[in-house]
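Colleague: Supplied in structure tokens, the structure appears directly below.
The values are calculated or read from the model by the stated rules, or taken from the named source; none is laboratory data. All figures in this text were calculated on a predicted structure; none of them were measured in a lab. Positions of Cβ are backbone-derived with ideal geometry, glycine not excepted, and every protein chain shown enters the neighbour counts.
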């Protein structure tokens, strides 16, 4: 049977591709933490390597998104993940900062190429909001498996095991994509292409999502380090990260259930506000409970809000250009996040991250707030 977005074979391939392509959303705390504790880098240097990966991802997404209709989706996804696997495998074999930086860029370029065609394919399905919620739930399951297993492997094998784990994830995604990535796209992605400029609403929503991604990456990259710096203990912090994975199972199904019950504008305006409050909870308190509460729900806010944003963008721009650029929207903010967070921490300490999050969240609210700019969809129930 041919794999499409409307059968579970094709959806399973999209779930695997989404998890592999969005590995930074799950792994960033461990990623930065390993670079600091395992490789001896300072927070700014560690954040810089993660940023290089994300810069590569943004560049690839911006290039691929407008050309999606002309690309062989299956071959592009499989090749992208295969190259990312090789790049991450090589990172685990080198020691020099420059070499690691180049390989991070290559991995970002390759993984985001595959992720862009994945998101554009999802956007061309009959119900992009629901399908994005399905792959979001898969990402939550993946997060539990990752946090429950990879840190233990790193403890036994050493810091390079993180990058070899990334390589294995990418290689598995490449194989699945080669075998089952949807061969056909919904007519919505091909026949309804819209020429000309994207609507103002698309740009505003995209900027708002990027601002939320910036806060997400800036805070999430240092969740593990904040806990360690406060002396909460490795076991307690690891428990929070594993618990976070279970919490992340909730937002995607909840977003699917609430698709027709809550106004998207309400979700998009409230999302950055809740995100900022959780950031303050994590960074301003000195006890474990506020830190754990903030960390447990932090990523879930982004997953829930972005599901509504994805459905909005797919409706506003049936051409697939906007949803194909989803990795760019997420990662242009996320690319700045780790190095910005590392710089803020280096200059003013971990508590200052919360105040930076509030300022950036205010920018996101400003983008989502104008009713006139987003009236075609955001005002619908």
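Colleague: Considering only the range 107-118, I want to know if a residue exists there that is within 24 Å of residue 58 (Cβ to Cβ) and surrounded by fewer than 22 Cβ atoms within 10 Å (Cβ to Cβ).
Modeller: Within the range 107-118, not a single residue is within 24 Å of residue 58 (Cβ to Cβ) and surrounded by fewer than 22 Cβ atoms within 10 Å (Cβ to Cβ).
Colleague: Can I ask one more? State which residue pairs qualify: first residue closer than 19 Å to residue 247 by Cα and inside the range 148-159, second residue at pLDDT 90 or above in any location, beta carbons under 7 Å apart, and separation of 6 or more residues or different chains.
Modeller: Within 7 Å, the pairs are 150/162; 150/165.
Colleague: Mind listing whichever residues of the range 1-37 are over 15 Å from the mean Cα position of the chain (by Cα) and part of a loop (DSSP other than H, G, I, E, B)?
Modeller: Selection gives 1, 2, 3, 4, 5, 6, 7.
Colleague: Related question: State all residues of the range 247-270 that are part of a helix (DSSP H, G or I) and farther than 17 Å from residue 368 by Cβ; if no residue qualifies, say none.
Modeller: From the range 247-270, those part of a helix (DSSP H, G or I) are 247, 251-257, 264-270; that's our starting set.
Of everything in the range 247-270, those that are part of a helix (DSSP H, G or I) and farther than 17 Å from residue 368 by Cβ turn out to be 247, 251, 252, 253, 254, 256, 257.
Colleague: Same structure, new question: For residues that are touching a helix residue (DSSP H, G or I) at 6+ places or on another chain (Cβ under 8 Å) and not in a helix (DSSP H, G or I), scanning just the range 69-99, find the one that is surrounded by the most Cβ atoms within 10 Å (Cβ to Cβ).
Modeller: Per the criteria, the residue is 92.
Colleague: Based on what the data block shows, is residue 169 under 17 Å from residue 13 (Cβ atoms) and modelled with pLDDT under 90?
Modeller: Judged against the criteria, residue 169 is not a match.
Colleague: Can you name the condition, by its number, that residue 123 falls short on among (1) under 19 Å from the mean Cα position of the chain (by Cα); (2) surrounded by 18 or more Cβ atoms within 10 Å (Cβ to Cβ); (3) modelled with pLDDT of 85 or more; (4) within 30 Å of residue 72 (Cα to Cα)?
Modeller: (3)
Colleague: Then there's this: How many of the residues making up the range 292-321 are in a helix (DSSP H, G or I), more than 18 Å from residue 255 (Cβ to Cβ) and at pLDDT below 80?
Modeller: Residues in the range 292-321 being in a helix (DSSP H, G or I), more than 18 Å from residue 255 (Cβ to Cβ) and at pLDDT below 80: 1 in total.
Colleague: Scan 279, 309 and give me the residue that is out of contact with any strand residue (DSSP E or B) (no Cβ under 6 Å at 6 or more places or on another chain), touching a residue at least 60 places away in the same chain (Cβ under 8 Å), over 23 Å from residue 142 (Cβ atoms) and buried (at least 21 other Cβ atoms within 10 Å of the Cβ).
Modeller: From the options 279, 309, the qualifying one is 279.
Colleague: What do you reckon, is residue 214 surrounded by 17 or more Cβ atoms within 10 Å (Cβ to Cβ), under 15 Å from the mean Cα position of the chain (by Cα), touching a residue at least 24 places away in the same chain (Cβ under 8 Å) and closer than 18 Å to residue 50 by Cβ?
Modeller: On the way: surrounded by 17 or more Cβ atoms within 10 Å (Cβ to Cβ): yes; under 15 Å from the mean Cα position of the chain (by Cα): yes; touching a residue at least 24 places away in the same chain (Cβ under 8 Å): yes; closer than 18 Å to residue 50 by Cβ: yes.
Spelling it out, residue 214 is indeed surrounded by 17 or more Cβ atoms within 10 Å (Cβ to Cβ), under 15 Å from the mean Cα position of the chain (by Cα), touching a residue at least 24 places away in the same chain (Cβ under 8 Å) and closer than 18 Å to residue 50 by Cβ.
Colleague: Would you check which residues across the range 38-68 are under 24 Å from residue 223 (Cα atoms), free of Cβ contacts under 8 Å to residues at least 40 places away in the same chain and in a helix (DSSP H, G or I) and list them?
Modeller: Start the filter on the range 38-68 by keeping residues that are under 24 Å from residue 223 (Cα atoms), which leaves 38-58.
With the extra rule that they be free of Cβ contacts under 8 Å to residues at least 40 places away in the same chain, the set shrinks to 40.
Residues satisfying the conditions do not exist here.
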